[in-house]
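The values are calculated or read from the model by the stated rules, or taken from the named source; none is laboratory data. Because the structure is predicted, anything quoted here is derived from the model rather than measured. Every residue, glycine among them, receives a Cβ derived from its backbone with ideal geometry; neighbour counts consider all protein chains shown.
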Amino acid sequence: MSHAVRIVSAGAPLASGGHPDAAAIADTLAAAGIPAGAHVIVDDDEAALEHALTVDGVVAIVAGEGGSAGDSVRRVLARITGARLVLSERMRALLDAHYARRDRPVPRAAERLALLPQGAVVADGDTPVWTLESGATAWVVFLRGRVDDAAERTLVPLAAERLAGRAAVAVRTFKTAGAPAEEIEDRIVDRLDARDVTLTTLPGDGEVWVRVRARAATPTDAVKRLDAIERTVLEALGDDCYGRDGDSLEAVVGGLLTARGLTLAVAESCSGGLVGHRLTAIPGSSAYFERGVTLDSDRAMRELGVDEAVLRTHGAASGPCAEAMARAIRERTGAACGVSTAGVAGPDGGTPAKPVGAVFIGVAMHGDVSVRRFRLEGDRASVQWQSGVMALDMLRRRLLEAPP
């Protein structure tokens with residue numbers, strides 16, 4: 001039997017990375033000291049689903065909002081367990097309530113979701129979640145609603161009971177920005193030499209996360225082990241570490257702006273508005289976010305306040321232009337801080353001097369403007385996202401230097 005919970009994203013496009021709810025389930029399990037052993041992404045194909053779900057242990061299935069995956073999952077589990085499908089009045093009531101909150105009748109296709117394999121138990125609460133146990137396997141199916149709350153109420157107790165007697169695992173993730181994965185790995189590779197602790201690096205677009213797992217006899221002991229080694233990890237990561245676990249870069253920046261009583265305005269070219277979007281997605285951002293503009297033409301640059309000589313001599317994708325943008329947006333809005341992004345996101349427009357991925361970030365603060373050039377890799381969407389990460393991280397570092 002598996003010593004960890006398998007998470008299956010059912011009906012997710014194979015290129016999508018799975019349902020976002022799968023990550024929430026993994027975080028909920030980690031907080032309870034229960035390891036998530038694998039995340040399997042399966043298209044809405046019953047043969048593939050049957051292969052993914054026919055395992056011993058505990059399996060959490062995310063069928064997502066809408067679509068036919070939930071219908072396929074119930075049929076596949078009925079076939080695996082040899083059970084017939086029967087009407088669950090409890091599930092039907094939950095579905096009715098779910099669609100009533102949206103002022104919609106239950107679609108005919110969704111009505112079938114109330115037909116569950118005999119023996120299935122619908123969880124308490126207002127989220128459509130059901131469990132099925134047969135032999136060495138227990139399945140927990142999440143259809144709609146807040147999966148983290150439902151996972152804590154339903155999946156965690158079941159997994160704890162099924163996996164009782166096995167070592168507990170505590171997980172902590174340290175998040176960094178501004179340093180490449182190879183450099184982060186070099187810093188931490190020799191820091192820990194213990195069989196009960198493992199460190200892994202997870203590189204993404206502009207960020208590198210360091211995931212630390214500690215194993216012990218109980219969840220409490222595993223957390224104590226993590227606490228004991230946290231200082232070692234933080235010393236290795238230094239200022240490149242902006243947070244841990246559920247922290248986001250934009251939330252950390254927002255917190256620093258709030259603590260220092262500063263406001264921010266952004267002028268974005270190559271990042272396409274992503275910096276402003278991420279910052280304003282944080283509740284309470286109106287306290288510090290003054291304004292954001294997205295511009296992609298020389299005329300717009302001139303209207304913002306970039307001098308014609310800068311555009312003619314250096315071009316819009318340049319360090320001098322990024323400096324002028326950051327200075328202009330700060331002066332025009334009266335914000336304490338100004339951030340700018342300029343560069344070549346691609347796939348066209350690159351030159352030998354400024355290839356695709358050449359990005360310039362400007363940060364204006366206290367009358368001083370700092371500019372950095374980055375050479376980013378990936379397609380247009382990746383370069384744009386990384387540009388936003390670099391801009392937020394540059395601002396974070398400048399804010400750390402400013403007293404609260």
Subject >> Single unsatisfied condition, residue 366 versus (1) at positive phi; (2) crowded, with 22+ Cβ neighbours inside 10 Å >> reply: (2)
**OP:** Just give me the residues in region 375-404 being without any contact (Cβ under 8 Å) to a residue 24 or more places away in the chain and part of a helix (DSSP H, G or I), in sequence order.
**Re:** 381, 401
Original post:
Restricting attention to region 357-370, which residues are outside any strand (DSSP E or B), more than 26 Å from the chain's Cα centre (by Cα) and in contact (Cβ under 8 Å) with a residue 24 or more places away in the chain?
Top reply: 366
Original post:
Looking at region 304-318, which of its residues are hydrophobic (A, V, I, L, M, F, W, C) and either assigned to a loop (DSSP other than H, G, I, E, B) or loosely packed, with under 15 Cβ neighbours inside 10 Å (or both)?
Top reply: 306, 309, 316, 317
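Being in a loop (DSSP other than H, G, I, E, B) and in contact (Cβ under 8 Å) with a residue 24 or more places away in the chain is the filter here, so list the residues in region 163-173 that pass it.
Of everything in region 163-173, those that are in a loop (DSSP other than H, G, I, E, B) and in contact (Cβ under 8 Å) with a residue 24 or more places away in the chain turn out to be 163, 166, 167.
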Original post:
What are the residues in region 249-276 that are in contact (Cβ under 8 Å) with a residue 24 or more places away in the chain, part of a helix (DSSP H, G or I) and surrounded by 14 or more Cβ atoms within 10 Å (Cβ to Cβ), if any?
Top reply: 249, 250, 251, 252, 253, 254, 256, 257, 258, 260, 274, 275
Original post:
Is region 67-79 home to any residue that is under 30 Å from residue 169 (Cα atoms), touching a helix residue (DSSP H, G or I) at 6+ places or on another chain (Cβ under 8 Å) and of a type outside the set (Phe, Trp, Tyr)?
Top reply: yes
Original post:
Looking at region 283-303, which of the residues that are surrounded by 17 or more Cβ atoms within 10 Å (Cβ to Cβ) and aliphatic (A, V, I, L, M) is farthest from the chain's Cα centre (by Cα)?
Top reply: 301
Subject >> Residue match in region 140-155 (condition: over 25 Å from residue 387 (Cα atoms) and over 26 Å from the mean Cα position of the chain (by Cα)) >> reply: no
Original post:
Which residue out of 387, 382 is assigned by TED's automatic domain parsing to the domain that holds residue 266 and buried (at least 20 other Cβ atoms within 10 Å of the Cβ)?
Top reply: 387
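Condition check ((1) farther than 21 Å from residue 10 by Cα; (2) buried (at least 18 other Cβ atoms within 10 Å of the Cβ); (3) touching a Cys at 6+ places or on another chain (Cβ under 6 Å)) across all residues:
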| site | (1), (2), (3) |
| --- | --- |
| 85 | no, no, no |
| 106 | yes, no, no |
| 115 | no, yes, no |
| 120 | no, yes, no |
| 127 | no, yes, no |
| 154 | no, yes, no |
**OP:** Name every residue in region 203-226 that is within 20 Å of residue 165 (Cβ to Cβ) and either aliphatic (A, V, I, L, M) or under 22 Å from the mean Cα position of the chain (by Cα) (or both), in order of residue number.
**Re:** 213, 214, 216, 217, 222, 223
Original post:
If we keep just the residues of region 32-56 that are touching a residue at least 40 places away in the same chain (Cβ under 8 Å) and under 27 Å from residue 224 (Cβ atoms), which is surrounded by the fewest Cβ atoms within 10 Å (Cβ to Cβ)?
Top reply: 32
Subject >> Residue list for region 319-356, filter: assigned to a helix (DSSP H, G or I) and either among the aromatic types (Phe, Trp, Tyr) or touching a Lys or Arg at 6+ places or on another chain (Cβ under 7 Å) (or both) >> reply: 319, 333
Subject >> The one condition in (1) within 23 Å of the chain's Cα centre (by Cα); (2) in the same structural domain as residue 192 (by TED's automatic domain parsing) that residue 279 fails to fulfil >> reply: (2)
Original post:
Does any residue in region 129-142 that is among the hydroxyl-bearing types (Ser, Thr, Tyr) come within less than 8 Å, Cβ to Cβ, of a residue that is assigned to a strand (DSSP E or B) and surrounded by fewer than 23 Cβ atoms within 10 Å (Cβ to Cβ) six or more places away or on a different chain, and which pairs are these?
Top reply: 131/121; 131/138; 137/57
**OP:** Any chance you could count how many residues in region 158-184 are closer than 28 Å to residue 251 by Cβ and either of a type in the set (Val, Ile, Thr) or at pLDDT 90 or above (or both)?
**Re:** 15
